[in-house]
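Trainee: One structure, pasted below without further comment.
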Amino acid sequence: MRNKRNLLIALIIIIIPIIGSFPVLAKYLSKEIGYEFRVEGEPWFIVADKEGLEKILSEYKNQYLEGIDENAKIKNIEFKQKVEIIEVEVYPEDFSSLIQAKEKIYAKEKEATYIEVQKGDNLWNLAKKHGISLAELEILNPDIDPERIYPGDKLVIDPFKPVLDVVIELENTVIETIPFNTEYQKDSSLYRSQKKVIKEGVEGEKEVTYNIQLINGFQSKIEVVQEKVIKEPVTAVVKVGTKTTVSRGGSVNYGVVQGKRVTSNFGYRIHPITGRRSFHSGVDIAAKHGTAVYAYSDGKVVEAGWNGAYGLNVVIDHGSGLKTRYAHLSKIYVKVGQRVTTAQRIGAVGSTGRSTGSHLHFEVIVNGTPRNPWNYI
Ligand SMILES: [Zn+2]
């Protein structure tokens, strides 16, 4: 009997404070409006502050606008994944703070992989070594000038992978040069070593509009949507001695080399994404490794050896302030001080120095200033 009474008293002692605290508990247990963040239908977290969440998301997306040309038109910026903010009723204890939300949004699946450029490296060899294409390597490193990479430079070979991908569509219009053609006229009154420019070629200009898609800041698609010629190029007319137009096989004879195609022209180029301007002081002619390189015309060798970014290079002084440079060679057959004649074999095509592949960089320097080589070859 006494035990039962004690038990009852004990129960009352325990229960009364619990009942008494009901209003407090009730308040704690009542639900509130929250905002659930879902990715591909999967709930990530719930926050109380919708505006705060939206601000984090917009800052996250906008970080990828950095480095894009200011003149570019941003057409769209969105997540690759399906992202939703859904209003829900939840207990306050289920809320995540904005700091926790930010951590999840900015999470990475994988960090980027970098390599450090060593002495003697070039983009072509590096791409081959790491099993990616040269084009990909250039896309991953838009700030790198392919002909100017230096030991110690860090290059991305595998980009970081965020959990949330950002897709940007942009349109940009840049001015590009149109190379001019050269018309050769055979002239029997000229010696075989002579060339005479009758009419200087002038590059044209065109306005090129690109449609570009970036994923997490890297170009994933690029297409030309419009090209408008602003200035037509003017064809150069060059007279050549009849015996100088020697054909050297099936591909195009550029005089100084038998090449496949021109991969980079002389002049300024504007990067369609970054808007950065760069200057190319010569023309790049893609040619097979080992292809013979010939002297542009008679002259004296003033440089024959390694010269930084040019790799193995030869410079010939033709007098009257005219010099020509042959860069990225694999072999050199001449020595400084040696006199060479037109179409003499002076070296072989290679990819030494800061080069993106087997090609000849041919430069024409007039009184110390690089000039458009198409006016000379
Ligand atoms: Zn070049």
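The values are calculated or read from the model by the stated rules, or taken from the named source; none is laboratory data. Being a predicted model, the structure only gives us computed values, none of them experimental. When we count neighbours, we look across all protein chains shown, and the Cβ atoms used for this are built from the backbone with ideal geometry, even at glycine.
Trainee: So which residues in region 55-78 are in contact with a strand residue (DSSP E or B) (Cβ under 6 Å, 6 or more places away or on another chain) and either free of Cβ contacts under 8 Å to residues at least 40 places away in the same chain or among the hydrophobic types (A, V, I, L, M, F, W, C) (or both), if there are any at all?
Mentor: If the condition is that a residue be in contact with a strand residue (DSSP E or B) (Cβ under 6 Å, 6 or more places away or on another chain) and either free of Cβ contacts under 8 Å to residues at least 40 places away in the same chain or among the hydrophobic types (A, V, I, L, M, F, W, C) (or both), then Ala72, Ile74, Ile77 are the ones that fit.
Trainee: I've got another one for you. Determine whether region 171-180 contains at least one residue that is in contact with a Gly (Cβ under 6 Å, 6 or more places away or on another chain), within 27 Å of Phe266 (Cα to Cα) and in a loop (DSSP other than H, G, I, E, B).
Mentor: Looking for residues that are in contact with a Gly (Cβ under 6 Å, 6 or more places away or on another chain), within 27 Å of Phe266 (Cα to Cα) and in a loop (DSSP other than H, G, I, E, B), one finds at least one in region 171-180, hence yes.
Trainee: Here's something else I'd like to know. Check Ile230, Ile149, Ile212 and return the single one that is surrounded by 18 or more Cβ atoms within 10 Å (Cβ to Cβ) and either in a strand (DSSP E or B) or basic (Lys, Arg) (or both). So that I can check it myself, show each step before the final result.
Mentor: Numbers: Ile230 fails: surrounded by 18 or more Cβ atoms within 10 Å (Cβ to Cβ); Ile149 fails: either in a strand (DSSP E or B) or basic (Lys, Arg) (or both).
Exactly one of Ile230, Ile149, Ile212 is surrounded by 18 or more Cβ atoms within 10 Å (Cβ to Cβ) and either in a strand (DSSP E or B) or basic (Lys, Arg) (or both), namely Ile212.
Trainee: Mind listing whichever residues of region 332-377 are in a loop (DSSP other than H, G, I, E, B) and within 16 Å of the ligand (Cβ to nearest atom)?
Mentor: Matches in region 332-377: Ser351, Thr352, Gly353, Arg354, Ser355, Thr356, Gly357, Ser358, Asn372, Tyr376, Ile377.
Trainee: A further question follows. Write out, first by first residue and then by second, each pair whose Cβ atoms fall under 6 Å of each other, whose residues are 6+ apart or on separate chains, and whose first residue, in region 344-357, is outside the structural domain of Glu138 (by TED's automatic domain parsing) and buried (at least 23 other Cβ atoms within 10 Å of the Cβ) while the second is outside any strand (DSSP E or B) and modelled with pLDDT of 95 or more.
Mentor: Ile346/Tyr333; Ile346/Val334; Gly347/Tyr333
Trainee: Among Tyr106, Tyr60, Tyr35, Tyr64, which is closer than 30 Å to Lys128 by Cβ, of a type outside the set (S, T, N, Q) and at pLDDT 90 or above? Walk me through it before giving the result.
Mentor: Numbers: Tyr106 fails: closer than 30 Å to Lys128 by Cβ; Tyr60 fails: closer than 30 Å to Lys128 by Cβ; Tyr35 fails: closer than 30 Å to Lys128 by Cβ.
Of Tyr106, Tyr60, Tyr35, Tyr64, the one residue that is closer than 30 Å to Lys128 by Cβ, of a type outside the set (S, T, N, Q) and at pLDDT 90 or above is Tyr64.
Trainee: Separate question: Name the residue, out of Gly267, Gly290, Gly319, that is within 19 Å of Asn367 (Cα to Cα), surrounded by fewer than 22 Cβ atoms within 10 Å (Cβ to Cβ) and away from the ligand (no atom under 16 Å from the Cβ).
Mentor: The match here is Gly319.
Trainee: Next question. Take the residues of region 293-316 that are loosely packed, with under 15 Cβ neighbours inside 10 Å, more than 23 Å from the chain's Cα centre (by Cα) and over 17 Å from Thr341 (Cα atoms): which is nearest to the ligand (Cβ to nearest atom)?
Mentor: Going through the qualifying residues, I end up with Trp306.
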